[in-house]
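Please treat every number below as a calculation from the coordinates, not as lab data. Because the structure is predicted, anything quoted here is derived from the model rather than measured. All Cβ positions, glycine included, derive from the backbone under ideal geometry; neighbour counts span all protein chains shown.
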Amino acid sequence: MTIPFHRLLAVELRKLFDTRSAKILTACLLCLTVAAIVGRGLYSGPGLQRLVWTAGIGYATLLPVLGVLAVTGEWSHRTALTTFVLEPRRWRVMVAKAIPPALTAVVASLFALLVAVPATALTSAAQRTPAHWDLTFATMAGWTATNVLFVMMGTALGALLLNAPAAIVVCLGGTAVWSAVALLGTTGRTLAEWLDFNRTTAPLAAGDWAGVDFLRLAASTALWIVFPLLAGVIRASRKEVR
């Protein structure tokens with residue numbers, strides 16, 4: 001009997017937040033978002049766009065980690081055998097695992113907006129200064145898309161390595177590595193401009209759709225998301241479960 005995909009998706013969504021590490025990570029993410037937005041509002045004044053972007057400081061670090069945990073949990077908790085016996089077609093399980101982190105990134109982006117709106121209004125009233133409601137739909141969409149891309153990068157690397165610590169190190173260490181590569185002359189600078197995920201997504205994160213080089217964004221997305229995710233699905237499908 002075939003398990004409906006929506007049931008697999010519901011199970012993987014529940015499993016994403018069932019573990020202790022995921023619960024702690026989610027709690028830290030929520031608390032950090034509220035604290036960062038409120039603190040930035042008190043320091044910089046009532047600007048909606050600025051306050052929403054403040055949440056990105058924590059999101060860029062913690063959302064990829066959540067993506068990593070989503071696909072490596074089966075192997076670290078030794079539940080892969082049970083999961084793949086219930087659903088032998090492992091690629092369906094891997095696809096179901098990849099969707100909840102992306103949905104979480106969208107929800108997290110909306111949560112930042114939900115916190116930033118009253119924070120802007122209250123800061124404006126407390127400081128008796130005009131509020132700047134300068135956040136457009138295009139800007140919010142670009143920032144949300146960037147959050148989704150970063151969480152998918154963590155998911156893809158987790159699927160490829162099937163080891164949470166290794167995938168987290170690669171995710172968090174990528175910025176430092178590409179900063180070093182950019183210093184290696186013209187060739188290094190060109191490689192960083194095309195393959196450094198932080199650089200290629202920067203205009204998108206700022207909501208500057210006109211400034212996005214979609215060819216470079218596609219190249220870096222292929223390197224950090226598409227190829228690792230495909231290779232990870234193949235590896236998980238062939239990996240011996242013990």
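Assorted remarks:
- Once the Cα gyration tensor of the range 1-41 is diagonalised, semi-axes √(5λ) in Å: 33, 11, 4
- For the peptides 107-113, 152-158, the ranking by mean Cβ contacts within 10 Å, running from highest to lowest, is 152-158, 107-113.
- Among PRO130, PRO203, PRO228, residue whose mean-square fluctuation peaks in a GNM of the chain (springs only between Cα atoms under 10 Å): PRO130
- Calculated FRET value between ASP134 and ALA219, using beta carbons and R₀ = 35 Å, to 0.05: 0.65
- Of ALA131, ALA206, ALA145, the one that fluctuates the most in a GNM where the chain has Cα springs shorter than 10 Å: ALA131
- Sites listed here are trypsin sites (Lys or Arg not before Pro) in the range 155-235 whose DSSP assignment is loop and whose Cβ has at most 11 other Cβ atoms within 10 Å, and the list is empty.
- Distance (nanometres) between label positions extended 7 Å along Cα→Cβ at LEU122 and VAL177: 4.1 nm
- Pair-distance distribution P(r) for the range 152-242, from all Cα-Cα distances in 10 Å bins starting at 0: 17, 40, 31, 10, 2, 0 percent.
- Charge sum, other residues only, whose C-beta stays under 15 Å from THR2's C-beta, Lys/Arg counted +1 and Asp/Glu -1: +3
- A straight chain from LEU32 to VAL85 at 0.36 nm per residue would run longer than the Cα-Cα distance by 15.2 nm.
- log₁₀ of I(q)/I(0) at q = 0.12, 0.16 Å⁻¹ - the range 3-145, Debye sum with one point per alpha carbon: -0.57, -0.83
- Between PHE227, PHE150, PHE137, the residue with the greatest mean-square fluctuation in the GNM of the chain (Cα pairs under 10 Å linked by springs) is PHE137.
- Evaluated over the range 81-198, the Cα radius of gyration and Dmax, each in Å: 19.9, 62
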